[in-house]
1. What nm value, rounded to one decimal, do you get for the distance between F54 and L30 when each label is placed 7 Å out toward the C-beta?
2. What's the extension gain from R183 to A127 if we count 0.36 nm per residue and subtract their Cα-Cα distance?
3. Give the peptides 128-139, 175-186 in descending order of average Cβ contacts within 10 Å, highest first.
4. Once fully extended, how much extra length lies between Y146 and T40, figured as 0.36 nm per residue of separation less the alpha-carbon to alpha-carbon distance?
5. What FRET efficiency comes out for Q155 versus L79 if R0 is 30 angstrom and r is the Cβ-Cβ distance? Round to the nearest 0.05.
6. What distance in nm separates the two pseudo spin-label positions at S111 and A88, each 7 Å out from Cα along the beta-carbon direction?
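No value in this document is a laboratory result; all are computed from the given coordinates. Just so it is clear, the structure is predicted and the values come from calculations on it, not from any experiment. Counting neighbours? That spans all protein chains shown, and the Cβs are built from the backbone with ideal geometry, glycine included.
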Amino acid sequence: MAGLRARLLDGIEKGASGPNRLRPRGVADLLERLTVRERTLLIVTGAVALLAVFLLGVIEPLTAARRAAAERMVLERELLIWMEARAAEVRAALAADQGSPADGPVVVTLSEVEKSLRRSALHGALAGLAPTEDGGLEADFTAVSYTGLIAWLEQLDERLGYRVEEARIDTAEDLDHVRAKIRARPKRRS
């Protein structure tokens, strides 16, 4: 209490008058008027605030980006393992036929099927595309244009070498679209 009283009297004695008589003239004057304890507290509080800004503004975004990159890498490794396993199956199927490669099944990757879906503007309606155990594929569509689906099925047969074995087509919520589940197998070359 005595320290505060002394500071107030000090401001009055310096000749300041009116409402500005106790207002410091700058940051240096304000810091000069603080006690050692108050200055230490101000420095520690500022350091903690800077540390919090650094952690939240720099470290946290970097950590989140690293975590997302690690998750992407795991997915890419799983995809690579699946592709390598698929290549071995294709080679085994060709060797089991003991014929020329022209007599074997047409081999088209799912990525080529997916590209054809994008070219046909059906990729947005695709709910799932997965390989089957027999080397075929299953495709699930939600709210797909019927005419677009039929055109893509023709392309699947003619260009990509898949024969549709099973197709379940149901009406969707709006009348312009259908829901479909397609199961296809690679055709044999003749």
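1. Taking the simple label geometry, F54 and L30 are separated by 2.4 nm.
2. Values: separation 56, 0.36 × 56 = 20.16 nm, distance 1.38 nm.
In short, 18.8 nm is gained.
3. Details: 128-139: 14.9, 175-186: 17.5.
Put in order of decreasing packing, that is 175-186, 128-139.
4. Values: separation 106, 0.36 × 106 = 38.16 nm, distance 7.41 nm.
Gain on stretching Y146 to T40: 30.7 nm.
5. Details: r = 25 Å, r/R0 = 0.82.
E(calc), rounded to 0.05, equals 0.75.
6. Computed distance between label sites S111 and A88 equals 2.0 nm.
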